[in-house]
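The next block holds one structure in the form of structure tokens; read it before the comments.
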Amino acid sequence: MRTKVIVNPMAAKGRMAQRWPWYRARLEVVLGPLDAAFTERAGDATRWTSEAARSGVERFVVLGGDGSVNEVLNGMLSSGIDASTLTLSPMPAGTGNDSCRGIGVPLDPAQAIDALAALRTRPLDVMRIELQGLDGAPVARHGLILVSFGAPAAISRDASASRWMKRLGRIAYYLATPRVVLSYAMRATRIAIDGEPAEERVLFGGMIAGLPNGGGGMKLVPPARPDDGLLDMVELGRIGRVEALLKLMPRLYDGGHMAHPSVSLRQGMRSIRLESGDAETLVDVDGETIGRLPATVTVLPHAIRVPDFR
């Protein structure tokens, strides 16, 4: 299996550059001589992955955070190659490592690398998101972990607003949450499922899951399965700001928010269309704010392959 290693030297709060010699030595034992590329700016991983797939590379090992994994994913899907023949192999080399958690990659780097030798893979679903970009132009992206909108997306934006905030990992979400929750106004949101007529709800926000976790290990949509060809969505309904801050948000880390009366779960969907009124409603994909509503989220069943660590 031809393999390319994509390395983000700024991953793990900037420590990947120092850790790279250890990773290189371990990977060479398993993979032999490495074809490695080091990202310098946003978009590098997507461009290099797309080019490598067209040249015959079949597996992409990612040494970076969830943002790097998302870039590689989008490179696979935009390459023109049938992505279901390609394997995405994220390593636990970032801060949150939600991609790894969700697909069962061991969080011990040595174990994760050693398991690559088995070459066992399994199919995984991908989400396709079509929406209005931050500049107003149409945008199409793919996601693996989570599509959030409303307050959760605003929190994610603030938690990654600067490089130093990103390096704080989960702590950044703790710092960003109070300001957003205490100032955010609920939105009237129209939701159309699988082409059916839209229903309007007043929401604090929502989360559409590819994987059950996000935000550095938070159990945001616990029932989500990554390979069932379906979407799960959690809606955060009418709730007071103080109650949201003190009773709802703290339970995101253990999944306890699912029992709150303002939280509802929808399952078994293949496409979701979201629209809002005049108020801007941000959309976040795998930890990056990429645009605003209106947006359409569609599941692509078994679109790629990942290592089978089960």
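The values are calculated or read from the model by the stated rules, or taken from the named source; none is laboratory data. Since the structure is predicted, the reported quantities are computational estimates derived from the model, not experimental observations. No Cβ is skipped: glycine too gets one built from the backbone with ideal geometry, and neighbour counts run over all protein chains shown.
Is it true that some residue in segment 201-210 is in contact (Cβ under 8 Å) with a residue 60 or more places away in the chain and in a loop (DSSP other than H, G, I, E, B)?
yes
For segment 204-218, name all the residues that are small (Gly, Ala, Ser) and more than 10 Å from the chain's Cα centre (by Cα). Show your work before the answer.
Here is the first cut: in segment 204-218, the residues small (Gly, Ala, Ser) are 205-206, 209-210, 214-217.
Residues satisfying the conditions are Gly205, Gly206, Gly216, Gly217.
Which condition number in (1) over 25 Å from Ala11 (Cα atoms); (2) outside the structural domain of Pro226 (by TED's automatic domain parsing); (3) touching a residue at least 40 places away in the same chain (Cβ under 8 Å) is the one that Leu88 fails?
(1)
Of Gly277, Gly237, Gly291, which residue is of a type in the set (Gly, Ala, Ser), assigned by TED's automatic domain parsing to the domain that holds Ala198, surrounded by 16 or more Cβ atoms within 10 Å (Cβ to Cβ) and touching a residue at least 60 places away in the same chain (Cβ under 8 Å)?
Gly291
In segment 63-77, is there at least one residue being in contact (Cβ under 8 Å) with a residue 40 or more places away in the chain, assigned to a strand (DSSP E or B) and outside the structural domain of Thr289 (by TED's automatic domain parsing)?
Yes.
Hey, among Gly136, Gly195, which residue is free of Cβ contacts under 8 Å to residues at least 40 places away in the same chain and loosely packed, with under 14 Cβ neighbours inside 10 Å?
None of the other options fit; the residue is Gly136.
If I go through segment 78-108 residue by residue, how many of them are surrounded by fewer than 20 Cβ atoms within 10 Å (Cβ to Cβ) and among the small types (Gly, Ala, Ser)?
Adding up the residues that qualify gives 5.
Matching residues to (1) surrounded by fewer than 12 Cβ atoms within 10 Å (Cβ to Cβ); (2) aliphatic (A, V, I, L, M); (3) under 18 Å from the mean Cα position of the chain (by Cα); (4) at pLDDT 95 or above:
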residue: Ala11; (1), (2), (3), (4): no, yes, yes, no
residue: Gly14; (1), (2), (3), (4): no, no, no, no
residue: Gly32; (1), (2), (3), (4): yes, no, no, no
residue: Arg41; (1), (2), (3), (4): yes, no, no, no
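Can you name every residue in segment 27-52 that is in a helix (DSSP H, G or I) and more than 14 Å from Ser89 (Cα to Cα)?
Residues of segment 27-52 that are in a helix (DSSP H, G or I), as a first pass: 27-31, 44-52.
Once the filter is applied, which keeps residues that are in a helix (DSSP H, G or I) and more than 14 Å from Ser89 (Cα to Cα), segment 27-52 yields Glu28, Val29, Asp44, Thr46, Arg47, Trp48, Ser50, Glu51, Ala52.
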